[in-house]
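Derivation of every value follows stated rules applied to the coordinates shown; laboratory data play no part. Keep in mind the model is a prediction, meaning the values are calculated, not measured. Don't worry about glycine lacking a Cβ; one is built from the backbone with ideal geometry, like all the others, and counts go over all protein chains shown.
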Amino acid sequence: MVVFLANRANLQNKRLHDCIQNRLNGTFENVRRRRAEPREAGPYRVVVDVNPRQFLDDVEYPVTAARIEIGFQLQTGEPYEYCWFNWIGPDRSLLVGWHQDDTYDDLGPVHLQVNDGATSVAHEPAEFIDSHPLDVVERRLNALRDAVLAVEWEQGRPAGLDSTATERE
């Protein structure tokens, strides 16, 4: 178990995303920090290219390229940071990830979301991790395999989540 004792009140956006990039460099080969695009919230994203078959330990997974994108927005006016932790499979138009923001207040501060391209197809409440962002990254990374494999498919398109599989998060 990794324990982070840093003061969250003193976090800085660029430094935090650099720390995330450095942490993931030891686990993945192609890790980079980029500025968020205008349509994205927060100033930065850390992007990791992954081979889904290796990451998911599933040799029959139908594609061989995906990416993980992680972003935090600090000083949100809320008592917590906003966070986006997404698995993106462009060849399947899939996005599955945790969003800690204010987009679905009825689900609480965090929801697990599935998109088919730009269209959201499922949301469900998710565990709020009130911890240092680097701890959030570790815990979401550990739960990512189950979340990706919980995506339900209809006619080759992401259609929802198997809630019984995501309850273990």
(request) List every residue pair whose Cβ atoms lie under 7 Å apart, where the two residues are 6 or more positions apart in sequence or sit on different chains, the first residue falls within region 29-46 and is more than 18 Å from residue 66 (Cβ to Cβ), and the second residue, located anywhere, is surrounded by 11 or more Cβ atoms within 10 Å (Cβ to Cβ) and among the acidic types (Asp, Glu). (result) 33/18; 41/101
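Each row is one residue, and each column tells you yes or no for (1) acidic (Asp, Glu); (2) on the phi < 0 side of the Ramachandran plot; (3) in contact with a Lys or Arg (Cβ under 9 Å, 6 or more places away or on another chain).
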site: 108; (1), (2), (3): no, no, no
site: 120; (1), (2), (3): no, yes, no
site: 123; (1), (2), (3): no, yes, no
site: 128; (1), (2), (3): no, yes, no
site: 137; (1), (2), (3): no, yes, yes
site: 140; (1), (2), (3): no, yes, no
site: 144; (1), (2), (3): no, yes, no
site: 156; (1), (2), (3): no, no, yes
site: 163; (1), (2), (3): no, yes, no
(message) Out of the residues in region 19-69 meeting the condition of being within 17 Å of residue 147 (Cβ to Cβ) and of a type in the set (Asp, Glu), tell me which one is nearest to the chain's Cα centre (by Cα).
(response) 69
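Could you tell me which residue of region 122-143 is surrounded by the fewest Cβ atoms within 10 Å (Cβ to Cβ), considering only residues that are part of a strand (DSSP E or B) and in contact with a His (Cβ under 7 Å, 6 or more places away or on another chain)?
125
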(message) Which of the strands (runs of 3 or more DSSP E) found entirely inside region 52-117 contain at least 1 residues meeting this: among the aromatic types (Phe, Trp, Tyr) and free of Cβ contacts under 8 Å to residues at least 60 places away in the same chain?
(response) 82-89, 94-100
(request) Within region 99-119, work out how many residues are aromatic (Phe, Trp, Tyr) and within 23 Å of residue 53 (Cβ to Cβ). (result) 0
